[in-house]
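Only one structure is covered here, and it is reproduced in the block below.
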C-alpha cells in the first residue's frame with residue numbers, strides 16, 4: 001500500500017532517532033498527526049533551532065549554545081582545579097545529578113578506538129594536553145565508561161596527565177549500591193574485591 | 001544542572017513522541033546533535049511539512065494529503081462494494097499488508113467510549129450511515145480491535161448496517177497462526193472453540 005508521500009517521508013525521517021524502527025516510526029507519525037499536531041510543530045521548531053544554534057563548548061567540547069558552556073564559565077569551578085573526563089554530554093548530566101562534584105569537565109565525545117580510526121586527536125586529547133600544559137589543573141578524574149575502550153582511553157589520559165605532573169584518578173568500580181551480590185557479574189565482583197577499602 | 005536552553009527545549013519537545021520519556025529524549029537529543037544533524041534537519045522539515053499538508057480523507061477519514069486518499073480514489077475498490085471498518089490508519093496498513101483484501105476502508109479514528117465522552121458522531125458514524133443510505137455497499141467487514149470497546153463499536157455498526165440492509169461480518173478471533181495452544185489465553189481459546197469450522 002502506498003502511503004501519502006508526506007506521511008511516508010515523515011516515517012522515514014523519524015527512523016533517524018535511536019531505537020526507532022519502521023513500526024515505532026509509523027506509530028509516532030500517526031499519533032503525532034492524529035492527536036498531537038501542536039506538539040509536532042513545536043518539535044519541528046525545536047529541532048531546527050537546536051541544529052542551528054547548538055555547537056561545541058570551546059573549553060570542554062560539550063554541546064552548548066554560544067562559545068562556552070555554563071559550567072566552564074563558572075569561576076568557582078575553574079578555581080577548583082579538578083577536571084573530570086567523560087565520554088559524552090549525557091555523562092556530564094549523570095555526574096551533575098549526584099550533586100557531589102564541583103569541578104570542571106572535559107567531554108571526549110567518544111573513546112579511543114584504533115580499529116574505527118578514532119585516534120587521540122579525534123577525541124580532543126591534543127586540546128586536553130594544551131590545557132594540562134597551561135597549568136591550573138591539579139587533579140584529573142577519569143570517568144570514562146568501564147568498557148575495554150573506555151579503560152584504554154583512561155590509561156592513555158592517565159599517562160598524558162603524569163607527563164604533565166597532573167594527578168590522575170579513576171572512578172571506583174564495584175558492586176552497585178542496592179544490588180545483590182548473587183546477581184553481580186564476576187568481573188565486577190573481582191573489581192570490588194581488588195578495590196576493597198579498610199573500614 | 002542547567003542545560004543549554006536550545007537542548008533543554010529539544011528534550012522537552014521530543015517527549016511528545018509516544019513511549020519517549022526524559023532519558024530517551026535526552027539520548028535522542030544528544031545523538032541527533034552529535035552525529036545526525038542532517039537527519040535532524042530532515043526530520044524537522046518532514047514534521048513541519050506533514051503537519052501542514054496532511055488532513056483527513058473526505059470519504060474514509062484516514063490521514064492523507066489532498067481531499068481523497070489513494071484507496072478511496074481507486075475505481076476497482078469502489079466497485080467491490082465491500083467496506084472494512086478499522087480503528088486507525090495503522091490498521092489499514094496492517095490489512096493492506098495481507099494483500100488479501102481488495103475493498104474500501106472506513107477509518108473510525110478511535111472507538112465508542114461513552115465514559116470518555118466519545119459517541120457515534122465523534123468516530124464518524126453519521127458519515128458512515130450516510131454512506132450506507134447512499135447505497136453501493138453490499139458488505140461491511142468489522143475489523144475493530146478485539147477489546148471491549150472495539151467489540152461494542154462493532155456491535156453498534158452491525159446494527160447500523162442491518163437497518164440499512166447491508167450485510168455485516170466480524171473478523172475471526174482465535175488461535176494466532178504459529179502460536180502454541182499452551183500459551184494462548186483462555187478467552188482467545190474459548191473464542192477459537194466457539195468459532196470452530198467444519199473441515
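Each value in this text was obtained by applying a stated rule to the coordinates, not by laboratory testing. As the structure is a prediction and not an experimental result, all values here were calculated from the model. Every residue, glycine as well, gets a Cβ built from its backbone with ideal geometry; the counts of neighbours run over all protein chains shown.
Assorted remarks:
- Put in order of Cβ neighbour count within 10 Å, fewest first, the listed residues B:156, A:183, A:105 become A:183, B:156, A:105.
- With 10 Å bins beginning at zero, the pair-distance distribution over Cα atoms of the range B:40-199 amounts to 10, 33, 33, 18, 6, 0 %.
- Ranking of B:138, A:149 by count of other Cβ atoms within 10 Å, fewest first: B:138, A:149
- Ascending list, in nanometres, of distances separating the residue A:118 label from those of the other copies (7 Å, Cα toward Cβ): 4.5
- Counting from the shortest, the label point at residue A:34, 7 Å from Cα toward Cβ, is 3.4 nm from the same position in each remaining copy.
- Distribution of pairwise C-alpha distances over the range B:40-83, 10 Å bins, in %: 27, 38, 22, 12, 1
- Hypothetical label at residue B:76: residues of the range B:98-123 whose amide nitrogen lies under 11 Å (7 Å Cα-Cβ projection): B:102-103
- By the count of neighbouring beta-carbon atoms within 10 Å, fewest first, B:64, A:188 end up ordered A:188, B:64.
- Axis-nearest residue in chain B [Cβ, rotation onto A], distance in whole Å: B:44, 2
- Normalising the Debye intensity of the protein assembly as shown to I(0), with uniform scatterers on Cα atoms only, and taking log10 at q = 0.13 Å⁻¹ returns -1.08.
- Each copy carries residue B:53; placing its label point 7 Å along the C-beta direction from Cα gives inter-copy distances of 3.0 nm, listed from smallest up.
- Efficiency of FRET between residue A:53 and residue B:100 - r from beta-carbon atoms, R0 35 angstrom, step 0.05: 0.10
- Across peptide B:81-92, the mean count of Cβ atoms from other chains lying within 10 Å of each residue's own Cβ comes to 2.
- Based on the Kirkwood approach, the hydrodynamic radius assigned to the range A:1-115 is 17.2 Å, with every pair of different Cα atoms included.
- Mean-position separation - Cα centroids, the range A:23-94 and the range A:120-199, in angstrom: 25
- With the convex hull of its Cα atoms as the shape, the range B:75-170 has an orientation-averaged projected area of 5.9 nm².
- Placing a pseudo-label 7 Å from each Cα along the Cα-to-Cβ vector at residue A:187 and residue B:172 gives an inter-label distance of 5.1 nm.
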